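To keep things clear, I will list the structure first and then write my remarks on it.
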Amino acid sequence: MARPLTAMLALTRAAAFLGPSPHKKPTVATPMLAEREEKWEPPEFEENRIKARKRQERFSPLDKAGAARRLMLDAQRQMKERQRQRPAYLPLKPEASLENATAGQWFSGVVRNLKPHGAWVSIGAEVDGFVHCRDMSDTDFVSDSREVLRLGDEIDVCVKGADAAKRVLSLSMLQVEPVDESRRAVSTYSVDERLEDVAVTRVTPHAAFVDVGARVPAYLHVADIGLLPRRKVGAARVPRLKLEAPGQSIQECWVKAVDVGRDRLRLTLVPPGPERDDPTLYGRRTSPLDDAEDDGAAPARWTD
């Protein structure tokens, strides 16, 4: 009997010396804590809880930044709501219909829609007329129609053209002269054609419109003015011409590009030759039309 008691005493002392077994689960005080420790969650859950807590703090009434953000969102919502509420169409007018409207007539209209490149105006026709940015000012360059117009503005516009078959109405805020059939059509001009004694009709910060005897004014960009040859080595090169005011005379120029589809002409003061393709003079001088003709493909439209 003494031997089993001695063995049990030795085992008890060994267990006390070694400590608790690592394979035995520790006892916990509450079952809820045990369930939380046993339940595994991906780390994204805790990140989502932190983000939600930050959103609540940001929009809290006690948070000044949250209140300012809420006011900004409300202002944006109200602005979008005003944009959705477009002004109503003007009553139909017989003289403003697509069949009766002629180039040069003036009408009072209301701005019903705005886009960066232009505005749609109701003048009492079957459709809204479109006013391009370039037809909004004869002195300043307008890059966005929303800089000068607002929804609901009452403006006076001039008819540029009306097509009842296509239901298209083109308008302008500038005076539009009737098309003179005695003038040359755009299709009769050719690239590198030399023109003499032409007059500037309109000047903008980056370009000028020139009367070359065509039915539409030709476009001359400042990058197409070119530089005069150097008088001596190291001397500065000055532009061939300084655009000053309407009425200025240009002794000679050349046709750079012809766009029959859009009824446009583009001019240059640089004569045909290697200088026109010199990359050091305001960048590249040729237009996409020249590359398309060299490749034998159909010419692409050039843009201002």
Count of residues meeting criterion [within 26 Å of P217 (Cα to Cα) and over 15 Å from the mean Cα position of the chain (by Cα)] in the stretch 119-133: 6
Identity of the residue in the stretch 98-111, more than 22 Å from V148 (Cβ to Cβ) and either among the basic types (K, R) or touching a residue at least 60 places away in the same chain (Cβ under 8 Å) (or both), that ends up surrounded by the most Cβ atoms within 10 Å (Cβ to Cβ): A101
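Each row is one residue, and each column tells you yes or no for (1) of a type outside the set (K, R); (2) farther than 30 Å from P246 by Cβ; (3) outside the structural domain of E244 (by TED's automatic domain parsing); (4) not in a loop (DSSP other than H, G, I, E, B).
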{"position": "A101", "(1), (2), (3), (4)": "yes, no, yes, no"}
{"position": "F107", "(1), (2), (3), (4)": "yes, no, yes, yes"}
{"position": "N113", "(1), (2), (3), (4)": "yes, yes, yes, yes"}
{"position": "S137", "(1), (2), (3), (4)": "yes, no, yes, no"}
{"position": "D140", "(1), (2), (3), (4)": "yes, no, yes, no"}
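Residues of the stretch 239-261 being part of a loop (DSSP other than H, G, I, E, B), surrounded by fewer than 12 Cβ atoms within 10 Å (Cβ to Cβ) and not acidic (D, E), which ones? Working first, answer last.
Residues of the stretch 239-261 part of a loop (DSSP other than H, G, I, E, B): 240-248, 260-261.
Subsequent filtering for residues that are surrounded by fewer than 12 Cβ atoms within 10 Å (Cβ to Cβ) retains 242, 244-245, 247, 261.
Within the stretch 239-261, K242, A245, G247, G261 qualify.
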Filter result (touching a residue at least 12 places away in the same chain (Cβ under 8 Å) and of a type in the set (S, T, Y)) within the stretch 144-182: S145, S170, S172
Flag if L114 is out of contact with any Lys or Arg (no Cβ under 6 Å at 6 or more places or on another chain), more than 30 Å from V210 (Cβ to Cβ) and either loosely packed, with under 13 Cβ neighbours inside 10 Å or without any contact (Cβ under 8 Å) to a residue 40 or more places away in the chain (or both): no
Pick from the stretch 148-173, criterion part of a loop (DSSP other than H, G, I, E, B) and crowded, with 18+ Cβ neighbours inside 10 Å, ranking: nearest to the chain's Cα centre (by Cα): L149
Odd one out for L267, checked against (1) within 31 Å of the chain's Cα centre (by Cα); (2) surrounded by fewer than 18 Cβ atoms within 10 Å (Cβ to Cβ); (3) not small (G, A, S): (2)
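What are the residues in the stretch 118-137 that are of a type outside the set (A, V, I, L, M, F, W, C) and modelled with pLDDT of 90 or more, if any? Write out each step before concluding.
First pass over the stretch 118-137, keeping only residues of a type outside the set (A, V, I, L, M, F, W, C): 118, 122, 124, 126, 128-129, 132, 134-135, 137.
The answer is G118, S122, G124, E126, D128, G129, H132.
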Single match in A199, A214 (criterion: in contact (Cβ under 8 Å) with a residue 24 or more places away in the chain, crowded, with 19+ Cβ neighbours inside 10 Å and touching a strand residue (DSSP E or B) at 6+ places or on another chain (Cβ under 7 Å)): A214
Residue in the stretch 174-184 that is assigned to a strand (DSSP E or B), under 13 Å from G104 (Cα atoms) and not hydrophobic (A, V, I, L, M, F, W, C) present: no
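When you look at A199, is it in contact with an Asp or Glu (Cβ under 6 Å, 6 or more places away or on another chain) and either within 25 Å of M136 (Cβ to Cβ) or of a type in the set (A, V, I, L, M) (or both), yes or no?
Details: in contact with an Asp or Glu (Cβ under 6 Å, 6 or more places away or on another chain): yes; either within 25 Å of M136 (Cβ to Cβ) or of a type in the set (A, V, I, L, M) (or both): yes.
Yes; evaluated as a whole, the condition is true for this residue.
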Test for V191: is it without any contact (Cβ under 8 Å) to a residue 24 or more places away in the chain, assigned to a loop (DSSP other than H, G, I, E, B) and either over 23 Å from V258 (Cα atoms) or not assigned by TED's automatic domain parsing to the domain that holds G161 (or both): no
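The values are calculated or read from the model by the stated rules, or taken from the named source; none is laboratory data. The shown structure was predicted, so the numbers you read here are calculated from the model rather than taken from an experiment. Cβ atoms come from the backbone with ideal geometry, glycine included; neighbour counts cover every protein chain shown.
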